[in-house]
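Structure first, then comments.
The values are calculated or read from the model by the stated rules, or taken from the named source; none is laboratory data. This one's a predicted model, so the numbers in the text were calculated from it and none came from an experiment. No Cβ is skipped: glycine too gets one built from the backbone with ideal geometry, and neighbour counts run over all protein chains shown. Please note that ligands, DNA and RNA were not included when accessible areas were found on the heavy atoms of the full protein model with its side chains. Shrake-Rupley method; radii C 1.70, N 1.55, O 1.52, S 1.80 Å.
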Amino acid sequence: MATYTLKVRRYQPESGKSPYWEEFDVDLDPSLSVLDGLLQAKDRDDGSLSVRCSCRAAICGSCGMKINGQSGLGCKTQIGEAHAAANRRGGTNGAAAPILIEPMGNMPVIKDLITDMESTHWTKIRRVTPWLLPHGEAPEREYVVEPESMIDITQSMACIQCGACVSSCLSMEADPDFIGPAALAKAYRFVGDPRDAETKERLHDLAHDPHGIYDCTHCFSCIDACPKGVAPMDQIMRLRRKAAEEGVDDDPNNGANHVNAFVKMIEKKGTNDEALLLQETYAPGVKGKLKPTKGAIKGLLGSLPVAIRGIKTGKMRSLPKLIPGVHPKLPGGAQDEVKAIYEHTEEHREEFNLYIRGEEDVEPEPDETKMEETA
Amino acid sequence: MPAHDVLVIGAGLAGQRAALAAAEQGVSVGIVSKVHPVRSHSNAAQGGINAALNPGDSWESHAFDTIKGSDYLGDQDAVEIMCREAPEEILHLEHLGVTFHRNEEGKLGTRAFGGASAARTYYVADITGQAIMHVLYEQLMKHADSVARYEEWFCTALALDEQGECCGVVTRNIADGSMELFEAKSVILACGGNGQVWKPTTNALICTGDGIAMAYRAGAKLMDMEMIQYHPTTLAGKGFLITEGARGEGAHLLNAKGERFMERYAPNKMELASRDVVSRAEQTEINEGRGFPDGTVALDITVVPKKRVHEALREIVLVGRDFAGVDITREPIHIKPGNHYTMGGVKTDVDGRTDIPGLYAAGETACVSVHGGNRLGANSLLDTLIFGRRSGADAASRAKRIDRSRPSKAVLEAEQAQVEAIAAREKGSGRRVSEIKLELGTTMDAKVAVFRDEAGIQEALETVRRLKQEAESAYVDDKGAVFNQDLLGAIELGYLLDNAECTCVAALERKESRGAQYRTDFPERNDEEWLKHIDLQLNDAGPEISYSEVTITQWEPQERTY
């Protein structure tokens, strides 16, 4: 038993007051959860402290919130650990830091920790046509499918719709219309399902939407936030790969071309050649001749302000170094090693899936026997 | 005033299945739930769903196992229906998109489960309930035109017309606190069980017996309320569930001496005996000093191959890691029996009809009865789906048959007054709701659990009746309209106390040991006197007891060994 201080971002819509912070002291075993702490404060001190919760075991997805700035589930975060994390952030004047608790981000707040998931999360879920679209009559018995295909999409099915990934999504902060990690993970559940007959239509739809699969910037926030190991970003990357496999490469976002340009460049040069990346994205060189895509000029011009900002802020190299063709080579035989990684990846295309491999085998181990086991 | 032909209260598996079945008949359907549908507690069903679908298996074998599991208190006509219709329901779910586990041929694969004579449990890793419920919710989104969803609306009372038929429900929109009288020709209660009467419990905080209490208050009969399942493998203290699938995959139960003690209690089925048997065995080990100091025994999953654990029991890996700090692939985890399931509930026939015309019940809220004295693992999802569907279909055909009768506004006004009265109680005028709930939960877990006796149950009943008095003056802090969870908690407390009182009265009445009801003062099953259901109906003084016959079709009661 220990005492913890919870500093909760509160909002009482009927009070006429702006949001404010309030501290609650709670006494519980460090192995209990942040949600247990909140419920103790609610039970003992202030019944108006509002938080959605039900199962207490990370299966219902009700208690999405930010704890010390990190999106997750209140019930799945041990209060002792949250306390330690808060202390690493540091208290003022040597005092212990309180555990900071806020409502989820990227959603309007209704009251205290309760957010409006309907207008954001669920609207986006419905955007991806979230039901199976088989063609023809159902078989008399079950659909016969590859066993691995069901295990593969079970990772997406493990999603409990808690919204933690949406809360943490940096792309959505920049573009509120981004379909987002949860809904795209849901989309993969159908795209990866061999019983669904509209795979290509789904992929075309998600690739052509300017707020679709190419709106993700690979920041990994959703993977960090997800309490169920769904790894939404991985599902988005699978959607991109599937789109390429299905020949959906004419998206107006130029996403597929951008991916190809990047892959080719790293294979050849090892590091990013920014000048070439733009050109290759919009006008990929085919046998020495430039082959501009539709809207290449517009796209290139549109990218200029970004490029200029990049140079100004030091995120891109200075102008003289951007002359196409002038690009430093990787030292020694490093480029050969990059090529070897490419070859290895080509040979072992199995995709990482928690239900196949288990968590601890995720550690990067260059152990091929393990990969073969799962094949 | 929203009006629908069929109104479903609760949006777990039973409720969603009922709504979809009713909508198929072309009637107007509304589904009301106090939480967003995917938050419903059907999520927590981990292990799977039973059906005799494998070649060589038969519905008769499934039915016999279920009846034996029920300790012959299940109604055999209802069990027959459930087991006969199970295979078709599994295929229906598969066609809708449930990602059931496949065998090497790509066909539906099964795992073993407790009390079953064949491996007939279909599953999605150990998230079967969640996977099925999310797929049904996909269908609700697809059929949004025919099923109106009222997400985060709380129900406070049923409305009856002058003929005593159910014709609506009083609801509160949680988002803004407004109260509405919903009209309906048929109302289906699918509100889940009452696990929150006990503490700890595997059940979610929302499982407060709302449907059972609302039906009881409206005058419907309840049945088998003494039959409360304690699940053999729950985490000590926190009550979290470790799926029976773990034992289905081969995990062992060990006492503190490292003995596989089930050898002494169920030499044939061992860990896969029915739940009441395993829970009693564990509790006996613990009571006789062969448990661990924290009042537990151990579940050893390390005997299951690691790859299989990750594929099929991943949720349990996470529960062990996050909530007990144990890596179940490396060391045994401490567990004990914990409150889990309400076998009893609102008495219904095989189409979900209660004895109030127009009122239906399905799933854990209902008592058809298919589970009798003890439910088999992986039969609960099946119960929700089969009887959810049948209730939905029958409720829709009733709606087509009858004219709408208007509920009186009086019930709405009475409920509004009640809510205002709760909000008006001054701070300090009584006890806190949370205190009363805690005392209820710990009392019931101490006195009305795996082993019971007259003195203990009587004591619990007296406590419950005192708490009912105290609940009348329990105050709430939140006086607002928007998301006033405090107020809803006070209403739920009333539901819990009605459920608890009924369970105590029935447990006191049944002077024998059968299924989950084990009376140390009456340790034998007594078919001559007690092969019957205990029915309860509200009168002025509380629950009034009557009895009804157990339907026996082809399986005469036998001695029950595993």
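What to note about this one:
- Net charge, B:Lys34 excluded, C-beta distance under 12 Å - Lys, Arg +1, Asp, Glu -1: -1
- Here the convex hull built on the C-alpha positions of the stretch B:365-429 has a volume of 176 cubic angstrom per residue.
- Packing-based ranking, highest mean first, of B:386-394, B:487-495, B:367-375, A:213-221 given that Cβ atoms within 10 Å are counted: B:367-375, B:386-394, B:487-495, A:213-221
- Spherically averaged projected area in nm², based on the convex hull that wraps the Cα atoms of the stretch A:116-161: 4.6 nm²
- Panel values: the stretch B:419-477, Kirkwood radius from alpha carbon pairs, Stokes-Einstein at 25 °C and 0.890 mPa s, translational diffusion coefficient 198 µm²/s.
- Largest first, the three principal axis extents of the alpha carbons in chain A are 73, 65, 46 Å in whole numbers.
- Size check on the stretch A:195-314: the Cα extents along the three principal axes, sorted descending, read 42, 34, 27 Å.
- Proximal charge balance of B:Asp57 [Cβ under 12 Å; K/R count +1, D/E count -1]: -1
- Each of B:Lys185, A:Lys17, A:Lys298 has its accessible area taken with a 1.4 Å probe; listed largest first, they run A:Lys298, A:Lys17, B:Lys185.
- Separation of the B:Lys306 and B:Thr561 label points, Cα + 7 Å toward Cβ, nm: 4.1 nm
- At least 50 Å² accessible surface lost relative to isolated chain, residues of the stretch A:138-174 (1.4 Å probe): A:Arg141, A:Glu142, A:Pro147, A:Met150, A:Met157
- Seen through its C-alpha gyration tensor, with square-root eigenvalues sorted a ≥ b ≥ c, the stretch B:295-442 comes out oblate because a/c lies at 1.5 or above while a/b is not bigger than b/c.
- Förster radius 51 Å - calculated FRET efficiency between A:Lys298 and A:Asp25, Cβ distance, rounded to 0.05: 0.30
- Over the stretch B:14-101, all Cα pairs binned in 5 Å intervals from 0 give whole-percent P(r) values of 3, 11, 16, 19, 20, 17, 10, 4, 0, listed from short to long.
- Per residue Cα convex hull volume in Å³ - calculated over the stretch B:195-297: 116 Å³
- Per-selection Kirkwood Rh - the stretch B:19-160 (Cα, Å, 1 d.p.): 16.9 Å
- Charge dipole of the stretch A:110-252 about the Cα centre (unit charges at C-beta), most positive-ward option of A:Thr217, A:Ala243, A:Cys169: A:Cys169
- Burial order of peptide ranges B:21-28, B:348-355 (average beta-carbon count within 10 Å, highest first): B:348-355, B:21-28
- Taken over the C-alpha atoms, the stretch B:431-562 has Rg and Dmax values of 18.1, 58 angstrom.
- From the alpha carbon centroid of the stretch B:163-205 to that of the stretch B:27-49 is 13 Å.
- Using the empirical formula 2.2 N^0.38 Å as the baseline, the Cα radius of gyration of the stretch A:1-100 reaches a ratio of 1.04.
- Three-way shape label, the protein assembly as shown, alpha-carbon gyration tensor, a/c 1.5: prolate
- Distant-in-sequence amide H partners of B:Leu160 (H built 1.01 Å from N, under 5 Å): B:Cys167
- Partners of B:Lys257 within straight-line reach, counting aspartates and glutamates whose Cα lies under 18 Å from its Cα and excluding those fewer than 8 residues away in the same chain: B:Glu271, B:Glu282, B:Glu285, B:Glu288, B:Asp294, B:Asp300, B:Glu331.
- Backbone HN-Hα couplings from phi across the stretch B:342-358 [Karplus 6.51/-1.76/1.60, Hz, Gly and Pro as x]: 9, 5, x, x, 6, 5, 9, 8, 6, 9, x, 6, 8, 8, 9, x, x
- Interface B:A - total buried accessible surface [probe 1.4 Å, Å², rounded to 100]: 5700 Å²
- The largest accessible area among B:Glu544, B:Glu524, B:Glu85 belongs to the first residue in B:Glu524, B:Glu544, B:Glu85, and the rest follow in falling order (1.4 Å probe, all chains).
- Degrees, to the nearest 10: B:76-96 long Cα axis against longest axis of chain B: 90 degrees
- Solvent-accessible area per residue, Å², over chain B with all protein chains present [probe radius 1.4 Å]: 31 Å²
- Estimated translational D of the stretch B:121-167 in µm²/s (Stokes, Kirkwood radius over Cα pairs; 37 °C; 0.692 mPa s): 234 µm²/s
- Cross-link partners of A:Lys17 among aspartates and glutamates, defined as those whose alpha carbon lies under 13 angstrom from its own and excluding same-chain residues fewer than eight positions apart: A:Asp112.
- When the Cα gyration tensor is reduced to axis lengths a ≥ b ≥ c, the ratio a/c is 1.5 or higher for the stretch A:146-265, and with a/b not above b/c it is classed as oblate.
- Comparing B:Pro2, B:Leu96, B:Gly69 along the charge dipole axis of the stretch B:1-144, the residue lying farthest to the positive side is B:Pro2, per the Cβ-charge model.
- For the stretch A:49-186, the solvent-accessible area works out to 35 Å² per residue, with a probe of 1.4 Å and every protein chain left in place.
- Straight-line cross-link reach from B:Lys511 at under 23 Å between alpha-carbon atoms covers these lysines, not counting any fewer than eight positions away in the same chain: B:Lys68, B:Lys221, B:Lys347, B:Lys447, B:Lys532.
- Pair-distance distribution of chain B: all C-alpha pairs, bin width 10 Å, starting at 0; shares per bin in whole percent are 4, 19, 30, 28, 15, 4, 0.
- Principal axis dimensions, the stretch A:152-200 - Cα atoms, whole angstrom, descending: 35, 23, 12
- Carbon and sulfur %, accessible surface of the protein assembly as shown computed with the full protein complex present, 1.4 Å: 51 percent
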